[in-house]
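Read-outs: derived from the displayed coordinates by stated rules, not from any lab. If you're wondering where the values come from, they're calculated on a predicted model, not measured in any experiment. No Cβ is skipped: glycine too gets one built from the backbone with ideal geometry, and neighbour counts run over all protein chains shown.
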Amino acid sequence: MKKKRSFFERAAAAPYMLWSLLFIIAPLLFVLYFAVTDRNGDFTFENLLSLSSYSHTFVMSLGFSLIATVICLLIGYPLAYCMSRTSTRTRSILMVLLMLPMWISLLIRTYSLMALLDNGGLVSTFLTKLGFEKLTFIGTDAAVILGMVYDFLPYMVLPIYTSLTKIDPRYIEAAADLGCNSPKTLFHVILPLTVPGIVSGVTMVFVPSISTFYISQKLGGGSFDLIGDVIERQFKNAVTYHTGAAISLVMMILILISVAIMNRFSDGEEDLIV
């Protein structure tokens with residue numbers, strides 16, 4: 001039988017419920033309303049149908065996000081694995097080094113990356129003095145993807161690291177007793193047990209990557225737009241914010257699908273790791 005919550009328990013949850021209503025649920029409802037209405041407040045699907053003109057931007061944003069997510073996974077998993085195999089003191093030091101850039105604002109981190117990779121930046125100047133051609137990196141696709149990887153890599157490492165530290169060492173010992181070498185143990189024991197962490201990391205990198213706009217504006221040099229840039233520009237214009245709301249609605253659906261997939265795998269975490 002489900003225990004009935006006391007008055008004090010309900011009262012303690014009231015501020016959180018009010019916060020969620022005002023700053024989470026209400027904004028989502030406003031976005032939904034403006035996405036399916038016109039300037040006169042009449043119901044219409046015209047805003048959603050007009051999104052076909054942004055199909056190239058959607059595809060580009062999706063491609064950039066997938067590439068950045070895959071790179072973060074390829075870098076983040078070995079890094080998390082190496083961290084989990086070190087001593088407790090070394091883990092703490094590595095964790096601080098990993099999180100240290102996150103203590104700085106994303107804007108400052110992006111500007112620092114611009115200072116390094118700009119056409120007249122430190123890296124380009126150093127290469128020129130060595131006799132190489134001047135580096136032209138800002139304004140390219142690679143610069144934007146690098147910015148995504150640089151800013152969101154810790155979001156991939158942390159959940160994978162958590163999953164790795166939860167693995168019972170007896171599983172690895174049992175695999176060794178059954179004749180598994182290190183590669184077989186990694187792919188047949190460790191990797192399956194860390195699937196929840198991988199899914200969480202992929203979601204935590206993919207979602208902000210596909211909706212980012214500041215990174216693409218600064219590192220992309222204004223040479224192309226991602227979907228976050230389009231949303232920002234649409235909401236700055238009072239005439240077109242209905243279209244911006246429609247794009248935001250599609251993005252919210254994509255994010256909800258990603259979270260649903262993450263929860264689906266996370267539900268089985270207790271069954272995988274005991």
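Rounded to the nearest 20, the size of the Cβ-charge dipole of segment 54-272 about its Cα centre is 480 debye, with Lys and Arg at +1 and Asp and Glu at -1.
Adding -39500 (n - 2.57) for every DSSP H run of four residues or longer, then dividing by how many residues the chain holds, sets the calculated 222 nm ellipticity at -22000 deg cm²/dmol. Put in line by how crowded their Cβ is, counting other Cβ atoms within 10 Å and starting with the fewest, K166, K134 read K134, K166. Taking 0.36 nm per residue of separation and subtracting the Cα-Cα distance, full extension of the segment from T140 to T44 would add 30.8 nm. Name all residues of segment 47-73 having a backbone nitrogen under 13 Å from the label point set 7 Å from the Cα of M252 along its Cα→Cβ direction, giving them as ranges. Correct set: none at all. Under a Gaussian network description of the chain, with springs only between Cα atoms under 10 Å, the residue in A175, A245, A13 that fluctuates furthest is A13. Applied to segment 129-146, the Karplus parametrisation 6.51 cos²θ - 1.76 cosθ + 1.60 on θ = phi - 60° returns per-residue 3J(HN,Hα) values of 5, 7, x, 8, 6, 5, 6, 10, 10, 5, x, 10, 4, 4, 5, 5, 5, 4 Hz, with x for Gly and Pro. What's the FRET efficiency of L127 with S223 using the Cβ-Cβ distance as r and R₀ = 25 Å, to the nearest 0.05? Between L127 and S223 the formula returns 0.70. Assuming a ≥ b ≥ c are the square roots of the Cα gyration tensor eigenvalues, decide whether segment 1-68 counts as rounded (a/c under 1.5), prolate (otherwise, with a/b larger than b/c) or oblate. Taking the square roots of the gyration eigenvalues as a ≥ b ≥ c, segment 1-68 is oblate. Phi-derived couplings, Karplus 6.51 cos²θ - 1.76 cosθ + 1.60 at θ = phi - 60°, listed residue by residue for segment 13-19: 7, 4, x, 5, 5, 5, 4 Hz, with x used for Gly and Pro. On the basis of the beta-carbon distance and an R0 of 51 Å, N237 and C180 show a calculated FRET efficiency of 0.25. For G139, the amide hydrogen comes within under 5 Å of the amide hydrogens of G220, G221, counting only partners 5 or more places away or on other chains and with H modelled in the peptide plane. Extending 7 Å from the Cα toward the beta-carbon at both R10 and T88 defines two label points whose distance is 4.5 nm. Once you reduce segment 15-35 and segment 101-149 to the center of their Cα atoms, the two points are 38 Å from each other.
Name the shape class, rounded, prolate or oblate, that the alpha-carbon gyration tensor gives for the chain, where a ≥ b ≥ c are the square roots of its eigenvalues, rounded holds for a/c under 1.5, and otherwise prolate holds if a/b is larger than b/c and oblate otherwise. Taking the square roots of the gyration eigenvalues as a ≥ b ≥ c, the chain is oblate.
Close amide H contacts of T37 (hydrogens built in the peptide plane, cut-off under 5 Å, sequence separation of 5 or more or a different chain): T44.
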